[in-house]
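Right, one structure below, let's go through it.
The values are calculated or read from the model by the stated rules, or taken from the named source; none is laboratory data. These numbers come from a predicted model, not from an experiment. Don't worry about glycine lacking a Cβ; one is built from the backbone with ideal geometry, like all the others, and counts go over all protein chains shown. SASA here: full protein model, heavy atoms, side chains in, ligands and nucleic acids out. Shrake-Rupley method; radii C 1.70, N 1.55, O 1.52, S 1.80 Å.
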Amino acid sequence: ARCTRFSDEISGDPLIEFKDRGNYVQVITFPDEPFGSYFSGNTVQICPVGALTSKAYRFKARPWDIDAVESVSFVDSVHSKISLQTSHNEIIRIYGVDNDATNHGWLSDKDRFVHDHGQSPDRITTPLIKDGGEFRQATWAEAISEIADRLAAYDAAEVAGLGGARSTNEDAYAFSKFMRMAIGTPHLDAQLADGLDPAFAVGVTPRAEINDLESAKTILLWGPDLKEELPVLYLRVRRAATELGANLVVVHPRRTGLDDVASHTIRYKPGTGPDVLRKLAAGDGEYAEVRASLNDGPVVALVGRSGLAENPAMAEAVATFAVGLPDAGILPLVRRGNVFGALDMGVAPTLLPGRVALDDGAARAVLEADWGPIPEGPGMDATAILEALASGTVKALVLNGADPVRDHPQPSIAAAALDAADFVVAFEMFLSDSGSHADVVLPVAGLGEVEGTATNLEGRVQKVSRIVAPAGTSRPVWSILNDVAAAMGADLDFPTAEAVGEEIARVAPAYAGVS
């Protein structure tokens, strides 16, 4: 009964059960109720008899025909450990790997079934250049020449970059170096006004680890609904509350997936968070019992934004309160793929690679000894970049796996900005809402097609592995940027992904010695 026990005990979705007995036993859903769990794929992986199988994998290969490599999932910032399993240069199955540090072998269905996009007929596999309002296929040499010529025609401050959180640390580092060194602009951001302050996200202390949930006596969750945003972290918190006896306090404007296992829940109207925090910190009235329960340490505080309308400074205020709790550790919550890795690589208006502040003279000197002169002062964040595009202050935009028209909290601002932009280049796997505004679109390698590293929400650096060849003529972002910089007369000096990693370990203080 592994499958039914998982659904009941681990994911909290008792949606399947045994019917009949003996030779007639079968696993079924309840009448007229679908198996609508976010974690249904785990039952296939742990089924010992093959009674449950995956439709996405069935009849595609035999287990002995499969090649496999361990990697990490980019669906969210937990970076669950996965096994990419292939046949005939195609990823046909993703399994969870038992890693105590992150996911205990469990995956969300997003993690498990994301691989089909790699073979989609809609995928871009050759460079595209807009000609007369329509895209046409182009060679790499033509596309790179077009980008280099156009970007070189602008002043450095007239160029900005968005993205970098959907691929490896090496790609993000190359993006940071290209924008600051080859272009000379400080205007770049890996977030789209939907995250946290970069300095807080990467520099919060004391920073907890996911596995600290195993020993926590109290867990304070003031942030997004984990079941929706960070589902594997939801499983870890749920286990702590249901199996390990942790006291779970959930603070959120709406009902969340963890409310049914929480010891205490606090609801508040959007916008009243600061008042609730003041009352909770003081233990006033109705919050006295909850406040008293937070004194049982060690405490792990999971802090983030409960919604896009909430001020990101709210998370910092909650973290400041939580630091004063017994043996407290803080986990900052930001959903998008490798956003912590991108921020660590300096894809932020206020950070340099290695979690370095712009005014850190010693670290800047080390970086400039390798890069040469880089812009002084902070750049613009995502919203300011889009507003500057709309006003004409910024004229050119580089989109590195970012889709502000779809993902920015105010999509109308993003659409107006891209319409007003003089030149837009997009690194894409598919033609997104924002990519359709671009003048040049370059196809990039995706899951299982790139080598490198990634950094999750606890700061853990893990290996990203390649096992299949990129589709068509798709290339890694670092390789493309290396060629564009060369065409502009700059030298990123990135012959291989390993060379990028070695440079990160050399110039980024937080990554010193990482191999």
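Please state which one of 14, 48, 34 is open to solvent by 70 Å² or more (accessible area, probe 1.4 Å), touching a Leu at 6+ places or on another chain (Cβ under 9 Å) and not in a helix (DSSP H, G or I).
On the way: 14 fails: touching a Leu at 6+ places or on another chain (Cβ under 9 Å); 48 fails: touching a Leu at 6+ places or on another chain (Cβ under 9 Å).
Result of the check over 14, 48, 34: 34.
Looking only at region 442-485, residues that are at negative phi and outside any loop (DSSP other than H, G, I, E, B) come to 20 in all.
Filter region 329-373 for residues that are of a type in the set (Asp, Glu) and on the phi > 0 side of the Ramachandran plot and give the result.
Within region 329-373, no residue meets the criteria.
Only a single item in (1) over 20 Å from residue 95 (Cα atoms); (2) in contact with a Phe, Trp or Tyr (Cβ under 9 Å, 6 or more places away or on another chain) is not met by residue 43, and it is number (1). Comparison of 445, 512, 471, 487 shows that the only residue that is surrounded by 23 or more Cβ atoms within 10 Å (Cβ to Cβ), aliphatic (A, V, I, L, M) and over 14 Å from residue 174 (Cα atoms) is 445.
Do we find a residue being under 20 Å from residue 397 (Cα atoms), touching a residue at least 12 places away in the same chain (Cβ under 8 Å), in contact with a helix residue (DSSP H, G or I) (Cβ under 9 Å, 6 or more places away or on another chain) and open to solvent by 20 Å² or more (accessible area, probe 1.4 Å) anywhere in region 450-468? Step through it out loud before you land on a result.
Pass one, region 450-468, residues under 20 Å from residue 397 (Cα atoms): none.
The answer is no, given that none of the residues of region 450-468 is under 20 Å from residue 397 (Cα atoms), touching a residue at least 12 places away in the same chain (Cβ under 8 Å), in contact with a helix residue (DSSP H, G or I) (Cβ under 9 Å, 6 or more places away or on another chain) and open to solvent by 20 Å² or more (accessible area, probe 1.4 Å).
Of all residues in region 105-124, those that are over 30 Å from residue 214 (Cα atoms), open to solvent by less than 50 Å² (accessible area, probe 1.4 Å) and either out of contact with any Leu (no Cβ under 8 Å at 6 or more places or on another chain) or not in a helix (DSSP H, G or I) (or both) total 3. Among helices (runs of 4 or more DSSP H) entirely within region 170-248, having at least 1 residues that are of a type in the set (D, E, K, R) and open to solvent by less than 10 Å² (accessible area, probe 1.4 Å) singles out 231-242. Report, by residue number, each residue of region 140-169 that is out of contact with any Asp or Glu (no Cβ under 8 Å at 6 or more places or on another chain), open to solvent by less than 10 Å² (accessible area, probe 1.4 Å) and in a helix (DSSP H, G or I). Result: 143, 147, 148, 151. Of all residues in region 51-104, those being hydrophobic (A, V, I, L, M, F, W, C), over 26 Å from residue 29 (Cα atoms) and either outside any strand (DSSP E or B) or without any contact (Cβ under 8 Å) to a residue 24 or more places away in the chain (or both) number 8.
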